[in-house]
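Data block below; observations after.
The values are calculated or read from the model by the stated rules, or taken from the named source; none is laboratory data. Only a predicted model underlies this, so the values are computations on that prediction, with no experimental measurement involved. Counting neighbours? That spans all protein chains shown, and the Cβs are built from the backbone with ideal geometry, glycine included. Ligands, DNA and RNA are stripped out before the accessible areas are found, and what is left, the full protein with its side chains, is counted by its heavy atoms. Shrake-Rupley method; radii C 1.70, N 1.55, O 1.52, S 1.80 Å.
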Amino acid sequence: MVRTAWLYGGSGENFLTKLLRFAARGNTVRVVDDQYGSPTWTVALAQCLARMLKAGAASPIYHAACAGRCSRFELAREWFRLLGLESIELEPVGSDTFPSAVSRP
């Protein structure tokens, strides 16, 4: 088993694509600022998995994520900056703003 974190890539639904959808509505985008993780590019994860298979990795659990960490708010701010969307207003909020049945570490 391989555990990873905060996947994003060129296709499919992920946090970054959701941000763009919310931004397209023209309202302030509220983003959690008290959850931290390591955004992990799907291509980097695939390369890591290929290396693990080639090396014959045998442990029952591995952790594979890109280096560094940030909050979801910090990731959103940088994503919009890279896309030239600094005019989109981001509002940092706590996790309690978006109640979930999922237990977060």
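Just a few scattered comments:
- Among (1) over 16 Å from the mean Cα position of the chain (by Cα); (2) surrounded by fewer than 11 Cβ atoms within 10 Å (Cβ to Cβ); (3) among the small types (G, A, S), the one test that G68 misses: (1)
- Residue match in the range 79-95 (condition: exposed (fewer than 14 other Cβ atoms within 10 Å of the Cβ) and β-branched (V, I, T)): no
- Residue check, F15 under 26 Å from G94 (Cα atoms), touching a Lys or Arg at 6+ places or on another chain (Cβ under 8 Å) and aromatic (F, W, Y): yes
- Of everything in the range 1-28 that is among the β-branched types (V, I, T) and assigned to a loop (DSSP other than H, G, I, E, B), the residue that is farthest from V43 (Cα to Cα) is T28.
Rundown of residues vs (1) out of contact with any His (no Cβ under 9 Å at 6 or more places or on another chain); (2) more than 16 Å from R3 (Cα to Cα); (3) small (G, A, S), yes/no style:
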| position | (1), (2), (3) |
| --- | --- |
| M52 | yes, no, no |
| A65 | yes, no, yes |
| F73 | yes, yes, no |
| G84 | yes, yes, yes |
| S87 | yes, yes, yes |
| V102 | yes, yes, no |
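- Residue list for the range 24-44, restricted to those being free of Cβ contacts under 8 Å to residues at least 40 places away in the same chain and open to solvent by less than 50 Å² (accessible area, probe 1.4 Å): G37, S38, P39, T40, A44
- Qualifying residue in the range 45-57 (condition: surrounded by 11 or more Cβ atoms within 10 Å (Cβ to Cβ) and part of a loop (DSSP other than H, G, I, E, B)): yes
- Scanning the range 56-82 for residues that are closer than 18 Å to K18 by Cα and either touching a helix residue (DSSP H, G or I) at 6+ places or on another chain (Cβ under 8 Å) or not hydrophobic (A, V, I, L, M, F, W, C) (or both) returns C70, S71, R72, E74, L75, A76, R77, E78, W79, F80, R81.
- Residue within the range 63-71 that is out of contact with any Phe, Trp or Tyr (no Cβ under 7 Å at 6 or more places or on another chain), more than 30 Å from G26 (Cα to Cα) and part of a helix (DSSP H, G or I) present: no
- Per-region count, the range 1-23, residues open to solvent by 90 Å² or more (accessible area, probe 1.4 Å) and among the aliphatic types (A, V, I, L, M): 1
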